Amino acid sequence: MIMKMTHVCVYVLNQETAYDFYTNKLGFKVKMDVPMGKDARWLTVTPPEQPELEITLFPVATGSMFTEATAQSMKELISKGTFGPGVFTCRDIYATYEELKSKGVEFVKPPTKEFYGTEALFKDDSGNWFSLAQLA
């Protein structure tokens, strides 16, 4: 029987800039950062209050995982903001919104009251968008 999810994958265009974005702008902690063969590494980050969930910052590159055509298609889709991998929650959405905005995080929707709480939408440095919510 499945017990829980421990890892999720966020495809990124550049692992180095994603590292900077998730740690310095979002304040996540690095859980794993280990070499994985030639020019590859296993890089996971965690939200500070949820260390049991590892977010794998997985670069889209031609190689064992993706053909050149697939990698190119994925890069184009990510850059266009096609994917919204998840929802992050916070205690005070207005303070968190202002803090992240001051660090250069791009918001595509400011905090807005919704039926489930208050939500803002932001993009990471690759173009993936996330919901930031303060639940009702």
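The values are calculated or read from the model by the stated rules, or taken from the named source; none is laboratory data. As the structure is a prediction and not an experimental result, all values here were calculated from the model. When we count neighbours, we look across all protein chains shown, and the Cβ atoms used for this are built from the backbone with ideal geometry, even at glycine. Note: areas computed on protein heavy atoms with side chains; ligands, DNA, RNA excluded. Shrake-Rupley method; radii C 1.70, N 1.55, O 1.52, S 1.80 Å.
Per residue, the chain exposes 61 Å² of accessible surface when a 1.4 Å probe is rolled over the protein heavy atoms with every protein chain present. Each peptide in 93-99, 109-115 gets a packing score, the mean of other Cβ atoms within 10 Å over its residues, and the list from highest to lowest is 93-99, 109-115.
Here's how it looks for residue 106: its modeled amide H is under 5 Å from those of 123, which are all 5 or more places away or on a different chain. Using a Förster radius of 25 Å, what is the FRET efficiency between residue 20 and residue 50 based on their Cβ-Cβ separation? Nearest 0.05, please. Step by step, r from the Cβ atoms, then E = 0.75.
Shown is the FRET efficiency for residue 116 and residue 3, computed with R0 = 22 Å from the Cβ-Cβ distance and rounded to the nearest 0.05: 0.25. Using the Cβ-Cβ distance between residue 79 and residue 131 with R0 set to 22 Å, the FRET efficiency from 1/(1 + (r/R0)^6) comes to roughly 0.65. Ordered from highest to lowest accessible area with the whole protein assembly present and a 1.4 Å probe, 91, 41 read as 91, 41.
Where the centroid of each part is defined by its Cα atoms, how far is the stretch 106-136 from the stretch 36-103 in Å? For the stretch 106-136 versus the stretch 36-103, the Cα centre distance is 16 Å. With θ taken as phi - 60° and the Karplus curve 6.51 cos²θ - 1.76 cosθ + 1.60 applied, the whole-hertz 3J(HN,Hα) list for the stretch 11-21 is 6, 10, 7, 9, 5, 5, 6, 5, 3, 4, 4 Hz, x standing for glycine and proline. Relative to the dominant Cα principal axis of the chain, helix 93-102 is inclined by about 50°. Against the longest alpha carbon principal axis of the chain, how many degrees, from 0 to 90 and to the nearest 10, is the axis of helix 68-79 turned? Computed tilt is about 10 degrees. Estimated from helices alone, the mean residue ellipticity of the chain at 222 nm is -6000 deg cm²/dmol (sum of -39500 (n - 2.57) over DSSP H runs with n ≥ 4, per residue). Antiparallel beta bridges, as assigned by DSSP with both residues in the stretch 1-65, represent about 55 percent of the total such bridges. Using Cβ point charges alone (K and R +1, D and E -1), the dipole size of the chain about the Cα centre works out to roughly 100 debye.
Of all DSSP beta bridges confined to the chain, the antiparallel ones make up roughly 65%. When a 1.4 Å probe is rolled over the protein heavy atoms, the share of accessible surface on the chain that falls to carbon and sulfur comes to 57 percent.
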